[in-house]
1. Taking LYS6 as the anchor, which aspartates and glutamates have their alpha carbon closer than 15 Å to its alpha carbon, excluding any fewer than eight residues away along the same chain?
2. Please report, ordered by residue number, every helix of the chain (full DSSP H runs) that is 20 Å or longer along its axis going by C-alpha atoms and whose mean Kyte-Doolittle hydropathy reaches 1.0.
3. With springs only between Cα atoms under 10 Å apart, run a GNM on the chain and tell me which of ALA33, ALA158, ALA143 wobbles the most.
4. Measure up LYS94/LYS176; LYS14/LYS95; LYS95/LYS180 against 29 Å on the Cα-Cα distance and list the ones that go over.
5. Using all C-alpha to C-alpha distances in the range 29-153, build P(r) with 5 Å bins and read off the rounded percent in each one.
6. How big is the charge dipole of the chain about its Cα centre, in debye rounded to the nearest 20, if each Lys and Arg gets +1 on its Cβ and each Asp and Glu gets -1 on its Cβ?
7. Whenever you get a sec, compute what percent of the accessible area on the range 18-70 sits on carbon and sulfur atoms (1.4 Å probe).
8. From the P(r) of the range 49-114, could you give the percentage of C-alpha pairs in the tail past 13 Å?
Amino acid sequence: MLNLQKENNSVKIKGSKFMYVWMLLATFGGLAACFFLIINGFKFDSKYSFFYLGGGFLLFPIFLYLTLWSLPGFVPGKTLLVLTEGSSGFIMTKKNKIPFSNIRRIRFVRNPLNLINDIVIETFQGEVSKIRTYNLIDDTDFAIMVDQFIYPNMREDAKEVWDRHVNLSELFEDAKYERKIDV
């Protein structure tokens, strides 16, 4: 469930509480498991002690790397992005404002180096903006957020691109979300 805060005509998007717990378990839980393996491996009271040591030392740098990349997302109350609703609406990030009418394509992409999902926005001017989500937004929540707040104010050709990308029947099946059609 997406964590939204509405003020006037702006919507602040924050990470889902479920995803906060999930990321805490994945990153810090992985580090704790590595410490557990290393400590029990150094006791040498099992015939698997060398496997414990090998697994602990092998996985520790990986979990440390993922934890360090994810740490900025754990700042309490962190706002990932702000949407201003309406026909002249825009996405406000730390670096710039992107009007909904300038969006050519919006995607949810996993970075292969740090395994963190980014919102990638391509504009008609050829600019590409990336918004780091720190894996605090789920794929379904992203699709609902775009479909509910951004899609109504996009240009027709950008709407066609989004319609090819999103599967509304799957969104209804997963989250009971239906697109509101204005007549």
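1. GLU85
2. Taking the DSSP H segments of the chain (at least 20 Å long, mean hydropathy at least 1.0), we get 17-43, 49-70.
3. ALA33
4. LYS94/LYS176; LYS95/LYS180
5. With 5 Å bins starting at 0, P(r) equals 2, 10, 15, 16, 14, 10, 8, 7, 6, 5, 4, 2, 1, 0.
6. With Lys and Arg at +1 and Asp and Glu at -1, about 660 debye.
7. Solvent-exposed carbon and sulfur of the range 18-70 make up 83 percent of the total.
8. 77 percent
The values are calculated or read from the model by the stated rules, or taken from the named source; none is laboratory data. Owing to the predicted nature of the structure, the values given are computational and were not obtained by experimental measurement. Every residue, glycine as well, gets a Cβ built from its backbone with ideal geometry; the counts of neighbours run over all protein chains shown. Note: accessible area is taken over every heavy atom of the protein model, side chains too, but ligands, DNA and RNA are not part of it. Shrake-Rupley method; radii C 1.70, N 1.55, O 1.52, S 1.80 Å.
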